[in-house]
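First the structure, in the form of structure tokens, and then the observations on it.
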2 protein chains.
Amino acid sequence: MPSPLRNGDTPLPAEAGGPLHRHQGRHFLSSISEHKVRRLIALILLLRLAAFCFSLSAAIFMSTNSSRSPASPSWLRFHPFRFVFAANGIVAVYSLFEMGASIWEILKGATLLPESLQLWFDFSHDQVFAYILLSAEAAGLTEARGKACVWAAERESGGFCVQSYISVGLGFAGFAFLALSTLLSAFRVASYIITGSSFHF
Amino acid sequence: MPSPLRNGDTPLPAEAGGPLHRHQGRHFLSSISEHKVRRLIALILLLRLAAFCFSLSAAIFMSTNSSRSPASPSWLRFHPFRFVFAANGIVAVYSLFEMGASIWEILKGATLLPESLQLWFDFSHDQVFAYILLSAEAAGLTEARGKACVWAAERESGGFCVQSYISVGLGFAGFAFLALSTLLSAFRVASYIITGSSFHF
């Protein structure tokens, strides 16, 4: 984390008060900063937990969705629903990994991968998976509103239609939390870029 | 732009060399920074121009799409296609406005709105419109692959199907450029937050 270093570099109000005061001032600022960094990581962890829960349940809801008549092969016949299942599954696995990385960071005080790699990894995957998940949900919603519910109504299995909607809705909630954690990881990368080198602009 | 100020605050290698050297050093660094800021704004302008062209042509392609048989009321009967048209239209108008704001910034050396407002406005709208445009394109693609092309094939108007695909493809290209400019505007906001106040973390 570049922040404690940078706060350490800032001239302090207590600086004129001799070595003892100066040391106390630095320690005080550094602990505020540590506290804020921990709070940020805890917030990211919370967002990832929410994204994990919603995307896992969306994947489960979609994969257990089938109509009552045994002749029809359930959700697998609708390609956008496969996309919904795959995207939610990927996001669930990724969120689980990222939760592990966040817990590691809270416990050990350092990132799992080397810091710059970890920050770029988090941000790029957050951003790309958020886009993938959103397009999957939009495609799934269109399919549910279009072909899938008509098909289900013809077979008198309204439950299939409802369960598709629930799965897509849960996926949208997962996307919302993933998008929020993208904001935080983007801020962390930018902060690393800006305060890590002195000749930024 | 917070960068010239911040570079001006950095201790310089020439600082020990008296007032004249110090002033030259500051001027040198400040002009490097100005140059980089201008290049960043020009890059954003280019991305916005590309997003504008693609989303405008996507909206035009979609709105002029109709099947050959006069009985069928063209693209308007497919709700996802209305969404594609609306999203591309909004992004085209927004990109045009943002191009104007970028040109203003290059010419006048200051943002159109007050700086913090402008940066937050750019970033939030970029992010939200990118999500809207992506979900519109995903919905449009699902509709084209699903109902629309089946409907068009039944009426022997394959051109309707092809033109839908082209519109959606152009929209995806517009999204790609909007997503890239989101990265840059996110970096600008983060840079403003971090270097604009001294007690960030």
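Key figures
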| item | result |
| --- | --- |
| Under the Karplus curve 6.51 cos²θ - 1.76 cosθ + 1.60, θ = phi - 60°, whole-Hz ³J(HN,Hα) for segment B:41-54, x wherever Gly or Pro sits | 5, 5, 5, 4, 4, 5, 4, 5, 4, 5, 4, 4, 4, 5 |
| Probe 1.4 Å - accessible area at A:W151, Å² to nearest ten | 20 Å² |
| Copies compared at B:G158 - label distances in nm, ascending, label defined 7 Å from Cα in the Cβ direction | 4.2 |
| Whichever lysines have a C-alpha closer than 19 Å to that of A:K147, once near sequence neighbours (fewer than 8 apart) are set aside | B:K147 |
| Cβ-based net charge around B:F97, under 14 Å, with every Lys or Arg adding one and every Asp or Glu removing one | -3 |
| Under the Karplus curve 6.51 cos²θ - 1.76 cosθ + 1.60, θ = phi - 60°, whole-Hz ³J(HN,Hα) for segment A:147-163, x wherever Gly or Pro sits | 5, 5, 6, 4, 4, 5, 5, 4, 9, 6, 10, x, x, 4, 5, 4, 5 |
| Separation of the A:H79 and B:L107 label points, Cα + 7 Å toward Cβ, nm | 4.8 nm |
| Accessible area per residue in Å² at 1.4 Å probe, computed on segment B:44-196 | 43 Å² |
| Label geometry 7 Å along the beta-carbon vector: B:K108 inter-copy distances in nm | 5.1 |
| Anchor B:K36: lysines whose Cα lies under 24 Å away (excluding residues fewer than 8 positions away in-chain) | B:K108 |
| Net charge over other residues, Cβ less than 12 angstrom from the Cβ of A:F123 (K, R count +1; D, E count -1) | -2 |
| Inter-copy spacing of A:R39 label points, which lie 7 Å from Cα along Cα→Cβ, given in nm from shortest upward | 3.8 |
| At R0 = 60 Å, FRET efficiency that the Cβ-Cβ distance of B:E115 and A:R155 yields, to 0.05 | 0.55 |
| Solvent-accessible surface (1.4 angstrom probe) belonging to A:L47, in square angstrom, nearest 10 | 20 Å² |
| Cα principal axis extents for segment A:40-196, largest first, Å | 61, 25, 19 |
| Around A:E143: net Lys/Arg minus Asp/Glu count, Cβ-Cβ under 13 Å | +4 |
| Accessible surface of B:W104 - all protein chains present, 1.4 Å probe, nearest 10 Å² | 100 Å² |
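The values are calculated or read from the model by the stated rules, or taken from the named source; none is laboratory data. Values in this document were obtained by computation on a predicted structure and should not be read as measured data. Every residue, glycine among them, receives a Cβ derived from its backbone with ideal geometry; neighbour counts consider all protein chains shown. The protein model used for the area step is the full one, side chains on, heavy atoms only, and it has no ligands, DNA or RNA in it. Shrake-Rupley method; radii C 1.70, N 1.55, O 1.52, S 1.80 Å.
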